[in-house]
Amino acid sequence: MIQRKASAYIHKENLINNLRQLRKIAGSSKICAVIKADAYGHGAVMTSRILAEAGVDFLAVAYLEEALELREAGIQTPLLVLGTTDPGNADIIVSNRISQTIFTRELAAALSESALRLGRAAFVHIKIDTGMHRQGIDPGQAGSFARFVSQLGGVTIEGCYSHFTEADNPESDFSARQIEVFNGALDAIRAEGIEPGIRHMANSAALLLIPESRMDMVRPGVLLYGLSPEGDHRLPEGFKPVMEFRAAVTSLRDIGEGEGVSYARTFVASRPTRIALLQVGYADGYSRHLSNRAAVVVRGQRAPVAGRVCMDQIMVDVTDIPDVQVGDEVTLFGLAELPAGELAQIMGTIDYEVSCGISKRVPRVLIERG
Ligand SMILES: Cc1ncc(COP(=O)(O)O)c(C=O)c1O
């Protein structure tokens, strides 16, 4: 059957390959796979099942709702919520054995109260702000905060962590400064006679570029998916794109020289031209910024996008590609020769936004092999 609508094919073997590559680099550190935002658009439940089966140590999400989706799907892997959660949800966190990031006394106290009432432990990771100034406790308060938490009943400090602001920039010395501040905060916690548990800082870029950031656990996201963590959109050797975004040719038409294509006719044919129609548009996550600027791959050859990207459709110029047929599968990104990074560059953004932007109406189709 021809899949006429756009689909995001998720290559299981490539995901497992990328996890293996990360393991090689991480050495003895545990791996916490970051699968927030629906696994960067790849499908959180599907991705988590594969990673859990492949033995990943932890999974991390941004919100409690994302964690619950995984627990409801039967995924039992340790799960860390990276964002803060309303203290009113403490019972749900504790009863689902979810590890929660904390940096406020209110949330710590609510988790303790639930843990004692439910007769179960609450697991927490203390977030320390080492310079991102997004969330976390001030490093100067790490000791007193840990003391407060450790004196609450029912709460286990499972870990302490921080986040880099610019690990992808090898020119910057700010990451080294952040590690220093983090280690200082850990010393202050130990000085209270409290063990900080699992220490973790490294995102994908740090894992690659800053060996001393690997500590007890690393938290890669983007590299798992075969996307580049770096501003130059380069994918390090050995990693493979997990998502391939495709659509089929639904019709073909020939237009004459001087005729225009799509809204405002921003593409004007300079010769007799063959236009292929694809059922994918900006509502699927194929950005309008790609109008007249991106290319797709048809029958192994590149075909430029002709005219403006519409909400549900795009047109591509296939004049130079012999024998294109209705039903031919076209790749919009996700091949080594057409990576998501190429689109990100045109859009003036990072690789992350390309995969995260693929919308809900696009089915995620698991490809087990090949
Ligand atoms: C706290 C935290 N840790 C780890 C990651 C993973 O980062 P990356 O996808 O760059 O590996 C993120 C992603 O933004 C994050 O917010």
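Of (1) open to solvent by 10 Å² or more (accessible area, probe 1.4 Å); (2) touching a strand residue (DSSP E or B) at 6+ places or on another chain (Cβ under 6 Å), residue 124 satisfies all except one. Which?
The single condition residue 124 does not satisfy is (1).
Could you pull out every one of the strands (runs of 3 or more DSSP E) wholly within segment 267-334 that has 3 or more residues that are in the same structural domain as residue 249 (by TED's automatic domain parsing) and in contact (Cβ under 8 Å) with a residue 60 or more places away in the chain?
329-333
Assuming residue 62 fulfils every condition listed in (1) over 14 Å from the mean Cα position of the chain (by Cα); (2) closer than 19 Å to residue 202 by Cα; (3) surrounded by fewer than 17 Cβ atoms within 10 Å (Cβ to Cβ); (4) not hydroxyl-bearing (Ser, Thr, Tyr) apart from one, which condition is it?
(1) is the only condition that residue 62 fails.
If residue 21 satisfies every condition in (1) out of contact with any helix residue (DSSP H, G or I) (no Cβ under 6 Å at 6 or more places or on another chain); (2) not assigned by TED's automatic domain parsing to the domain that holds residue 210 but one, which is the exception?
All conditions are met except number (2).
If a residue has to be away from the ligand (no atom under 13 Å from the Cβ) and open to solvent by less than 30 Å² (accessible area, probe 1.4 Å) to count, how many in segment 198-211 make the cut?
Matching residues across segment 198-211 total 1.
What about residue 20, is it assigned to a helix (DSSP H, G or I), at pLDDT 95 or above and closer than 21 Å to residue 216 by Cα?
yes
Would you mind stating whether residue 277 is closer than 23 Å to residue 363 by Cα and out of contact with any helix residue (DSSP H, G or I) (no Cβ under 9 Å at 6 or more places or on another chain)?
Spelling it out, residue 277 is indeed closer than 23 Å to residue 363 by Cα and out of contact with any helix residue (DSSP H, G or I) (no Cβ under 9 Å at 6 or more places or on another chain).
So for segment 212-229 (the condition being at pLDDT below 95, near the ligand (Cβ under 9 Å from one of its atoms) and not in a helix (DSSP H, G or I)), does at least one residue qualify?
Yes, segment 212-229 has at least one match.
If you check every pair at least six apart or on different chains, which have Cβ atoms under 6 Å apart with a residue in segment 58-74 that is away from the ligand (no atom under 16 Å from the Cβ) first and a residue that is open to solvent by 20 Å² or more (accessible area, probe 1.4 Å) second?
71/96; 73/45
Please find, among 68, 59, the residue that is part of a helix (DSSP H, G or I) and over 30 Å from residue 281 (Cβ atoms). Talk me through it step by step, then tell me what you get.
Values: 59 fails: part of a helix (DSSP H, G or I).
Just a single option satisfies the conditions, and that option is 68.
Considering 53, 13, which residue is surrounded by fewer than 21 Cβ atoms within 10 Å (Cβ to Cβ), closer than 20 Å to residue 243 by Cα and either outside the structural domain of residue 212 (by TED's automatic domain parsing) or under 18 Å from the mean Cα position of the chain (by Cα) (or both)?
The match here is 13.
Is it the case, given these coordinates, that residue 156 is touching a helix residue (DSSP H, G or I) at 6+ places or on another chain (Cβ under 7 Å) and either in the same structural domain as residue 188 (by TED's automatic domain parsing) or open to solvent by less than 20 Å² (accessible area, probe 1.4 Å) (or both)?
No; evaluated as a whole, the condition is false for this residue.
The values are calculated or read from the model by the stated rules, or taken from the named source; none is laboratory data. As the structure is a computational prediction, the values presented were derived from the model and not from experiment. Counting neighbours? That spans all protein chains shown, and the Cβs are built from the backbone with ideal geometry, glycine included. Each accessible area value is taken on the protein alone, full model and side chains, heavy atoms only, with ligands, DNA and RNA left out. Shrake-Rupley method; radii C 1.70, N 1.55, O 1.52, S 1.80 Å.
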